[in-house]
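S.K.: This is the structure, below, for whatever I ask next.
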4 protein chains.
Amino acid sequence: MKKEPVYYSDYLSLGNILNAQHLESFKEGNAAHDEMLFIIIHQAYELWFKQILFEVDSSVKIMGQPNINDNTPELQTVVHRLNRVITILKVLVHQIDIMETMTPMDFLDFRDLLRPASGFQSWQFKTLEAKLGLQYDERHGKEYYTSQLQQPEIDVIKKAESGKSLLHVVNKWLERMPYFDNIDNWKDFKVESNDANIHPYWSTYRNSYSNSLAEAERNNLDTFNAIFIEGKEDGQLSAKAKRAALFIMLYRGYPIMHLPFELLNNLLEIDEQMSTWRYRHMNMVHRMIGMRIGTGGSTGKEYLKAALDKHYIFKEIAQLTSFLIERSKLPQLPSSLIQHLSFNMPE
Amino acid sequence: MKKEPVYYSDYLSLGNILNAQHLESFKEGNAAHDEMLFIIIHQAYELWFKQILFEVDSSVKIMGQPNINDNTPELQTVVHRLNRVITILKVLVHQIDIMETMTPMDFLDFRDLLRPASGFQSWQFKTLEAKLGLQYDERHGKEYYTSQLQQPEIDVIKKAESGKSLLHVVNKWLERMPYFDNIDNWKDFKVESNDANIHPYWSTYRNSYSNSLAEAERNNLDTFNAIFIEGKEDGQLSAKAKRAALFIMLYRGYPIMHLPFELLNNLLEIDEQMSTWRYRHMNMVHRMIGMRIGTGGSTGKEYLKAALDKHYIFKEIAQLTSFLIERSKLPQLPSSLIQHLSFNMPE
Amino acid sequence: MKKEPVYYSDYLSLGNILNAQHLESFKEGNAAHDEMLFIIIHQAYELWFKQILFEVDSSVKIMGQPNINDNTPELQTVVHRLNRVITILKVLVHQIDIMETMTPMDFLDFRDLLRPASGFQSWQFKTLEAKLGLQYDERHGKEYYTSQLQQPEIDVIKKAESGKSLLHVVNKWLERMPYFDNIDNWKDFKVESNDANIHPYWSTYRNSYSNSLAEAERNNLDTFNAIFIEGKEDGQLSAKAKRAALFIMLYRGYPIMHLPFELLNNLLEIDEQMSTWRYRHMNMVHRMIGMRIGTGGSTGKEYLKAALDKHYIFKEIAQLTSFLIERSKLPQLPSSLIQHLSFNMPE
Amino acid sequence: MKKEPVYYSDYLSLGNILNAQHLESFKEGNAAHDEMLFIIIHQAYELWFKQILFEVDSSVKIMGQPNINDNTPELQTVVHRLNRVITILKVLVHQIDIMETMTPMDFLDFRDLLRPASGFQSWQFKTLEAKLGLQYDERHGKEYYTSQLQQPEIDVIKKAESGKSLLHVVNKWLERMPYFDNIDNWKDFKVESNDANIHPYWSTYRNSYSNSLAEAERNNLDTFNAIFIEGKEDGQLSAKAKRAALFIMLYRGYPIMHLPFELLNNLLEIDEQMSTWRYRHMNMVHRMIGMRIGTGGSTGKEYLKAALDKHYIFKEIAQLTSFLIERSKLPQLPSSLIQHLSFNMPE
C-alpha cells in the first residue's frame, strides 16, 4: 500500500501553531507590539517542556523496569536522552536573552491585561519537577502552586506526583547493584578496618575517608556514618542506594561503571541547568517588575528565590562529592569482582 | 466594564500548541522515539520565524514612510526590534545543538515516512528572506524553491517578493539623507581635491582614500569610482545611498549618526547570524544524511552550500568596509553642517 | 623612519604566555593531567579581567569629567565599551562549562598541592568589584577578603576602593541633569498635583504613580517618597540622581535620552552577568568539593552564596523599575523642554 | 617534608601573564584603545590552543599504543578529553563575539602598525591541525603557510606533521578491530548474499544497503565498493579501518561499541566546531577589512574560504553516514560474536 505524501506544513500542523497567537492588547484596540513576543516565547518554552517530558517519561519507563540488563542498549538510551534534556535546557537558559529584549516600559503596555495569568500556571513545568522527583512536601508555596489551575491540569500534576519519579526509579536501580551481596566477590579483598556490622569494603573505605579529612572537617565523619551506614538522613535515596552511587563515582573507570557514572552526572547537570534557568528567570522578573506584584498575584522575586533554594531535586547525589577520596588512596578491588565489571573479551 | 480573567493555558492556546504533534511513525505502529524531537524543533523554529517576521514587518513599515523624523523614537524602535531579531537568530543557531542530539541511525528510523516533506518547504523562511531583500533572481534553485508548496503559501512568498523589502526602504531612506544637497552646509569645507562633477566632499574623500591604499590595493580606487561615483555596480543600493551609508560609518560619532550606524550594523549582524545558521544547518544535514538525497528530493549539502554563498542580503553594505579610512585622516566637517548633526542644547 | 616589522609571536609575547604553566603535581612527580586545565582556565580568566578593568577604567575616566558634552562621541564610547564588558562577561559565564569537564575525582588528584591558593585571591576581581562601585562595607567577609594577599595587591584594591568608582561618577553625572532647574523649561507643563515642596513634574508623576498601584501595593508610595523625595534610603545614589535616572527610563524615546538609557541598561546587564557568573561558579564549586573546605580555607559554597546575595552593585538602579508607569499615563512634557531633548534639524 | 605554601598569583604566574601586553600604538604615542582587546583576545586564544594541544597529545599517546585494553579506563579517558576539546572549541567560537565589538574604524586606528604580524602566524593552530591529521599536501596555501614564521616555530609544525597524528593512530586502532578475522565468531551468521572475495558480513550488508537506495542514489553502490571493498579512495583511512568504523556506528548499542562510537562522534564534532570557528572567523575578517589586504599580506577572506573548504580533517569518517541503513534492516549478529561485545556478568 502506497503511503500518502507528507507535506511540511501539514506534517507540522503549522495551521494550528501559527494561528495560536491571540493578543489581548489587540482585542482592546490598543496594540502593544511586544505582546507577540511575550506569547511566542512562552509557547516556545511549552513546546520544549513537552519534549523534555517526553524524554523524561521514556527514561522513567526504562529505568523503572524490574531489572535492566547491562548488555542491552537501555542504559545508553537513557543517558543519551538525558543528555538531550540537558542540551534543551541550555537553549532554554539562553532563550531568556530574548525575553530580556522586552523593556519594563514595554511590558507595562499590556501587563495589566494578563491578570491573573502567570508563568506559575505552567502545569507542564510543575509536572516536570514532579516527574524528576520533586515531592509535594518539598515545594515552596504548596497551597499556592495549583490555586489557579484548572482541574484537568491539576490532575496531571497530581498523577505525576503520585507516580514513580525518575529519582525514585534511580533509587531502586541503585539498590539493586549486585556486587556487595555475593561474598565470593570479596574473598581476596584487603580489609584495612574491620567492623562486624558493616560490609568490609565500607569499613575500609570509611577508614580511608577519615584519614583524608583536614582538622576542620572532622565532623564530616559523623555525616558519613549518618548517610551511608545508619541511613539517618531524610530524603528519597536509601543508604544502600547512596553507597552504590558513591561506588560508581569512585570506580567509574571500570567498563560497567561508565554509563552509570554518566547517568548520575546527567542528573546533576539537569539540576544545575534548571537552577541556572530559575536564577536567570528570577533576575529577569526582578528587572521587569521590580517589587511590584506579579500578574498571578505572587510577590515576584521573593517567591522565585525561595523556590530556587528548595527545588534542587538530586541534591542527595550532589552531596556525595563530599565523601570522595583521592584515586591513589582508593581500596583496591579484588580480581574476583573486577571480572564482573569488565568486558568478556576473547583470550 | 470588567475584563474577563485570563488564564495561562487559554491565553497561550496551549491546547492547540501541545496537541499539534502527529508522528507518522506512531501511525505506522513502528514508533520512532526521535520523531517527536524532529517535529517539535521544527515547530519551535516556525514559531520564532513568525516572531522575526513580525519584527521585520514592523521595521519595514516604519522605515518605508515617506519621511522619518529623527526627533521621534521611530529609529530607536527599528534598531531595538532588529536587535531582537539578532538575539532570536543567535538562539536559533544554538538550537541546532538540540537537533544534533539525533544520530543518523535514529533519523533513519523514520526518515522515509516523511517524503516529500522537507525543510525547504518552510514558506515563512522564504518569506523572511524576501522581506529582508533577497530577490527572486538571486535565489539559488529558483525554479525549485516553490515547487512543493501549496498555492496560498506561494502567494505569501510572491507577495513578499513584490512588496517593499527592508533593503528597499533602507535604500530610499539613505537616499533622502539631506546634508549634501544644501550648499550652505559646505561653505566652510576645506576641499583638497576638486572635480567639477562630484560633490567636493566626495572628491576630497576619494583623494584621502586613494592615499591610504597599499600598492597591491591600487585597483580598489576603480572600484571606489564604480560604486560611489558612477553607480555602475549592480545591486539594490544606489550610488547615492551607498555614499550616505559610508558617510554614516565614517561620522558615527555625531549624535544624529549614532542610530543610523546602529541600524546598518544590525543589518550586517542579521546577515551574519543567518549565514552562520545556514552554515551550521548545512553541516548538520551533511552529518545526518551524508550524500544521500534529502526527503524533499534535493541533493542536500550541495544545495545548501550554493544557497549559503548566494543568499547574503546586505552584502552591498558589508562591502563598504573596504572604503573606510583612518579616523585621523578623515576630512573635517564644516561647523555649518555639524550643527545639523547635533543636539539643540541650551547655551 | 621605517618601523620595525612586527611578528605575531613577539607582538603577543607568546614566550611569556605559553611558558607560564608550572604544574605543582608535575614537580611532585605525580602528574595530575587536569592541573594544566586548572591553571590555564584561571589564566584566561585573569587575562579577561585585565581587559574588563581596562574598559571600566576608561569609562570611569570619561564619566568622571566635570562635564560631558552630549555633542561629543563620549557617551557613545562609554556605552560601547560597557557593551564590550557585557560581551566578555557572557563568555566568562560560558567558560565555566570548560571547568566543569573536570570531575571531582580528577580535582582531588592535585587539590591538596594548591593550599592555600584560592580563587578568592584574585586581586583583579576584587579591584573590578571596587571600581564598579562595591564598597568595603558592603563586602561579605570583610576581614577575610585580603587576608591572603600580598601587600602590593592589597594596595591596588585599596586604591580602587578609595578612588572614584563607576557608580560614583554615574551618580554625579545624573545629578547634573539640567532640565529641572530652569523654570523656563516647565512654564507650559500641565500640573496635576501640587506640592509646594516638590518640583511640579514630580508631584504630578507621584500622583500618576499612586493611581497605578494595586491595593496590595499601596505602601510602594511610601517607598517612592522615601527614595525620590526624602532621599532617606541608604546607598550611593542621591535622591536627585535617582529622579534623573527614572526620568531617563520614562522618556528614553527623546533623542538625547537614548544613550543615557543604554548606559543605565548596561550597568544592570553587567550586574546580571556578574551575578550569573557567581551563581554558576558557586554551583560548580559545590559540585567539585561538596561541603569540604576550599583550598583557601573558606567554607566554599556558603561564602559564595552570601557574596552572591550582597554584591549587587547597581541595585539602586534596578530598584527604579518598581516606580515606572504605563507610557499612556505619562505626564506630557512641555514643548519648551522637548526642544532641548531633540536634534537641531534644519527647518 | 612540609611543602611550601602556594599563592594564587605566583601559582598562575600572573606577573608574566598580566605584563605581556605591549601596545604598538602606545609606543607610537598615538594610543588606540582597542589594541588592548586585540592583544588580549589573541593571547586568550593561544592559551586555549595550548590546552587543546595538551589534550590532543595525551589522546594521541594513548591511542597510539600497540594495543588498547578495553578493560582499562583508557578509551574513557580519550573520549573525556576530546569532549573537553569540544567544550573549549565552543567557547572559542563564542569568543568571536568579543572580537566583533571592535568596529572596522577602530581597527584602522592601529592596523598598519601590526604589519606583517597576522593570525596566520599562529604556529600552535597549525600544529594543532597537523596533530589532528591535516596533511601538508592538503593545506591550502602550502608554500605560504610557514613563510613568516621563525625557525623554531617551523620546526614544531614540521615535527607535528611528521609524527603520528590522531587520525593516523585512530586508523591503526580501527584496523585492529578483531571481530572479523576469527571465523568462529561468524559460524551462525545468516549470509544473505555471497561473494567469495568478501567477508560474509560485508557481502550481506552491501546487499541490504543496495536495497535501501532510492533510484537516484543507485551509484552510491559503486562508491560503497570503492570505499569499503576495493579501498580505492585516497585518504588516510584504509578500507579495513572504514569497515570497522561503519560497524561501530551500526552496532553502537552493544556495550563494547559504546565508547568507540563516542570517540568517532567526538572527532566529527571537533571538525564541526573547528569549521564553525573558521567560518565565523572568515566572516569577521570580511566585516573588519572587506577586500583590503590582511596585515600578513594575505588576500583575507579568499584565503580563509579556501582553507575552510579544504581543512576538514575527519571527512572520511563523516562520509560513512552515507552508508548506514535502517536499524530494522541490519544483519543480525551471531550470538558467538555478541558475547565478545558484552559484559561478563554473573549468571
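S.K.: For label points placed 7 Å from Cα toward Cβ, what is the shortest-first list of nm distances from C:Asn207 to its copies?
M.R.: 6.2, 8.4, 9.3
S.K.: How far apart, in nm, are the 7 Å Cα→Cβ label points at D:Glu175 and A:Ser336?
M.R.: 4.4
S.K.: What pairs from C:Lys164/C:Lys240; B:Lys50/B:Lys126; B:Lys126/D:Lys301; B:Lys126/B:Lys158 go past 21 Å between their alpha carbons? Provide the component values of the computation, followed by the final result.
M.R.: Details: C:Lys164/C:Lys240 19 Å; B:Lys50/B:Lys126 12 Å; B:Lys126/D:Lys301 27 Å; B:Lys126/B:Lys158 10 Å.
Correct reply: B:Lys126/D:Lys301.
S.K.: How long are the semi-axes of the equivalent ellipsoid of region D:122-199, defined as square roots of 5 times the Cα gyration tensor eigenvalues? Whole Å, largest first. Write down the numbers at each step before the final one.
M.R.: Numbers: eigenvalues 380, 35, 12 Å².
Computed over region D:122-199, the values are 44, 13, 8 Å.
S.K.: Can you give me the angle between helix A:74-99 and the longest principal axis of chain A, using Cα atoms only, in degrees from 0 to 90, rounded to the nearest 10?
M.R.: Taking Cα atoms only, the helix is inclined about 40 degrees.
S.K.: If you don't mind, there's one more thing I want to ask. Rounded to the nearest whole Å³, what is the per residue volume of the convex hull around the Cα atoms of region B:181-252? Could you put the intermediate results ahead of the total?
M.R.: Working: hull volume 8.0 nm³, N = 72.
Here the figure is 111 Å³ per residue.
S.K.: Taking a label point 7 Å out from Cα toward Cβ, give me the nm distances from C:Pro178 to the same spot in the other copies, shortest first, one decimal.
M.R.: 2.4, 8.6, 8.7
S.K.: With only alpha-carbon pairs counted, each pair once and no self-pairs, how large is the Kirkwood hydrodynamic radius of the protein assembly as shown in angstroms? Can you show the working numbers first?
M.R.: Numbers: mean 1/r = 0.0293 Å⁻¹.
It works out to 34.2 Å.
S.K.: Any idea what the relative contact order of region B:236-319 is, in percent, if you count C-alpha pairs under 8 Å spaced at least 6 apart? Please report the intermediate quantities before stating the final value.
M.R.: Numbers: 45 pairs, mean separation 25.6, N = 84.
Relative contact order for region B:236-319 comes out at 31 percent.
S.K.: At 7 Å along the Cα-to-beta-carbon direction for both D:Lys159 and B:Asp195, put a label point, then send me their distance in nm to one decimal.
M.R.: Taking the simple label geometry, D:Lys159 and B:Asp195 are separated by 5.6 nm.
S.K.: Follow-up. Using a 1.4 angstrom probe and counting only protein chains, how large is the accessible area of A:Lys164 in Å², to 10?
M.R.: 130
S.K.: Same structure again: What's the angle, to the nearest 10 degrees (0 to 90), between helix A:200-212's Cα axis and the longest principal axis of chain A?
M.R.: 70
S.K.: Over chain A, one equal point on each Cα, no solvent: what is log10 I(q)/I(0) by the Debye formula at q = 0.10 Å⁻¹?
M.R.: -0.74
S.K.: Quote the FRET efficiency, to the nearest 0.05, computed for B:Lys27 versus D:Lys315 with a Förster distance R0 of 41 Å and r equal to the Cβ-Cβ distance. Mind showing how you got there, number by number?
M.R.: Numbers: r = 37 Å, r/R0 = 0.91.
Once rounded, the FRET efficiency stands at 0.65.
S.K.: Could you pull the Cα extents of region A:1-135 along its three principal axes, largest to smallest, in whole Å?
M.R.: 62, 48, 24
S.K.: Still on this structure: How much accessible area per residue does region C:188-347 have, in Å², with a 1.4 Å probe?
M.R.: Numbers: 6030 Å² over 160 residues.
On a per-residue basis, 38 Å².
S.K.: Can you list, shortest first and in nm, the gaps between the label point of C:Asn16 and those of its counterparts in the other copies, using a point 7 Å from Cα in the C-beta direction?
M.R.: Result, one decimal in nm: 1.1, 6.3, 6.4.
S.K.: Identify all aspartates and glutamates with a Cα-Cα distance to B:Lys3 below 13 Å; exclude those on the same chain that are fewer than 8 residues away in sequence.
M.R.: Output for B:Lys3: A:Glu24, A:Glu28, A:Asp112.
S.K.: Starting from the eigenvalues of the Cα gyration tensor, five times each then square-rooted, give me the equivalent ellipsoid semi-axes of region C:203-347, largest first, whole Å. Could you put the intermediate results ahead of the total?
M.R.: Values: eigenvalues 311, 80, 31 Å².
Each semi-axis is the square root of five times an eigenvalue, giving 39, 20, 12 Å.
S.K.: Round to a whole number: what % of the accessible area of the protein assembly as shown belongs to carbon and sulfur, probe 1.4 Å? The partial results should precede the final answer.
M.R.: Values: 26720 of 53440 Å².
So the carbon and sulfur contribution to the accessible surface is 50 percent.
S.K.: What trypsin sites (Lys or Arg not before Pro) does region A:167-267 have in DSSP loop regions with at most 15 other beta carbons within 10 Å? It would help to have the intermediate numbers written out before the result.
M.R.: Numbers: sites: A:Lys172, A:Arg176, A:Lys187, A:Lys190, A:Arg206, A:Arg218, A:Lys232, A:Lys240, A:Lys242, A:Arg243, A:Arg252; in loops: A:Arg176, A:Lys187, A:Lys190, A:Arg218, A:Lys232, A:Arg252.
Sites meeting the loop and neighbour criteria: A:Arg176, A:Lys187, A:Lys190, A:Arg218, A:Lys232.
S.K.: To continue, here is another question. List the trypsin sites (Lys or Arg not before Pro) within region B:26-71 that fall in a DSSP loop (any state other than H, G, I, E or B) and whose Cβ has at most 11 other Cβ atoms within 10 Å. Spell out each step's value before the answer.
M.R.: Numbers: sites: B:Lys27, B:Lys50, B:Lys61; in loops: none.
Those that pass, being in a loop and sparsely packed, number zero.
S.K.: Sticking with this one: Taking the rotation axis that maps chain B onto chain C, which residue of B brings its Cβ closest to that axis, and at what distance in whole Å?
M.R.: B:Asn344, 2
S.K.: While we're on this one: How high is the relative contact order of chain D, in percent, with contacts defined as C-alpha pairs under 8 Å that are six or more residues apart?
M.R.: Numbers: 335 pairs, mean separation 80.4, N = 347.
Answer for chain D is 23 percent.
S.K.: Straight-line reach from A:Lys190: which lysines have a Cα under 18 Å away, not including same-chain ones fewer than 8 places off?
M.R.: Hits, sequence-local ones excluded: A:Lys329.
S.K.: Using only the alpha-carbon atoms of region D:33-77, report the extent along each of the three principal axes, biggest first, to the nearest angstrom.
M.R.: So the three principal-axis extents are 56, 16, 6 Å.
S.K.: From the protein chains alone at 1.4 Å, what is the descending order of accessible area for A:Glu326, A:Glu233, largest first?
M.R.: Numbers: A:Glu326 45, A:Glu233 75 Å².
So the residues, ranked largest to smallest area, are A:Glu233, A:Glu326.
S.K.: With solvent modelled as a 1.4 Å probe, how much accessible area in total do chains A and B shield from it at their shared surface, in Å² to the nearest 100? Write down the numbers at each step before the final one.
M.R.: Values: alone 19750 and 19780 Å², together 33140 Å².
Buried: approximately 6400 Å² between B and A.
S.K.: Which value, in Å², gives the accessible area per residue of region B:1-110 when a 1.4 Å probe is used on the protein heavy atoms?
M.R.: On the way: 3830 Å² over 110 residues.
For region B:1-110, the solvent-accessible area averages 35 Å² per residue.
S.K.: Say the dipole of region C:200-347 comes from +1 at the beta carbon of Lys and Arg and -1 at that of Asp and Glu; which of C:Thr223, C:Met291, C:Phe261 then lies farthest toward its positive end?
M.R.: Of the options given, the answer is C:Met291.
S.K.: Note the angle between two axes, namely the Cα long axis of helix C:166-175 and the longest principal axis of the Cα atoms of chain C, as a number of degrees from 0 to 90, rounded to the nearest 10.
M.R.: 10
S.K.: A further question on this structure: So how much accessible area does D:His281 have, in Å² to the nearest 10, using a 1.4 Å probe?
M.R.: Its heavy atoms expose roughly 50 Å² to the probe.
S.K.: Can you tell me the FRET efficiency between D:Glu138 and A:Ala214 if r is taken as the Cβ-Cβ distance and R0 is 41 Å, rounded to the nearest 0.05?
M.R.: Working: r = 54 Å, r/R0 = 1.31.
Once rounded, the FRET efficiency stands at 0.15.
S.K.: Within region D:310-347, which residues have the backbone N less than 17 Å from the label spot 7 Å out from D:Asp188 along Cα→beta-carbon, could you tell me?
M.R.: The answer is D:331-345, whose backbone nitrogens lie closer than 17 Å to the label point.
S.K.: Quick check for you: which residues of region D:121-147 have the amide N under 13 Å from the point 7 Å beyond the Cα of D:Asp57 toward its beta carbon?
M.R.: D:124, D:127-128, D:131
S.K.: I've got another one for you. Please compute the average number of Cβ atoms from other chains found within 10 Å of each residue's Cβ in peptide C:280-291.
M.R.: Per-residue shielding by partner chains comes out at 4.
S.K.: Right, here's the next one. Gap in Å between the Cα centre of region B:141-165 and the Cα centre of region C:174-191?
M.R.: 55
S.K.: With all protein chains present, calculate the accessible area of C:Leu14 using a 1.4 Å probe and round the result to the nearest 10 Å².
M.R.: Answer for C:Leu14: close to 10 Å² accessible.
S.K.: Give me the base-10 log of I(q)/I(0) for region C:87-221 at each q in 0.12, 0.17, 0.21, 0.22 Å⁻¹, Debye formula, one uniform scatterer per Cα, rounded to two decimals.
M.R.: -0.81, -1.05, -1.24, -1.28
S.K.: Per DSSP helix of 4 or more residues, -39500 (n - 2.57); summed, then divided by the residues of chain A. What does that give at 222 nm, rounded to the nearest 500? Present the calculation step by step, with values, prior to reporting the outcome.
M.R.: Values: 16 runs with 191 residues, N = 347.
The per-residue figure over chain A is -17000 deg cm²/dmol.
The values are calculated or read from the model by the stated rules, or taken from the named source; none is laboratory data. Since the structure is predicted, the reported quantities are computational estimates derived from the model, not experimental observations. FYI the Cβ positions are ideal-geometry reconstructions off the backbone, even for glycines, and counts take in every protein chain you see. The accessibility values were calculated without ligands, DNA or RNA, using every heavy atom of the protein model including side chains. Shrake-Rupley method; radii C 1.70, N 1.55, O 1.52, S 1.80 Å.
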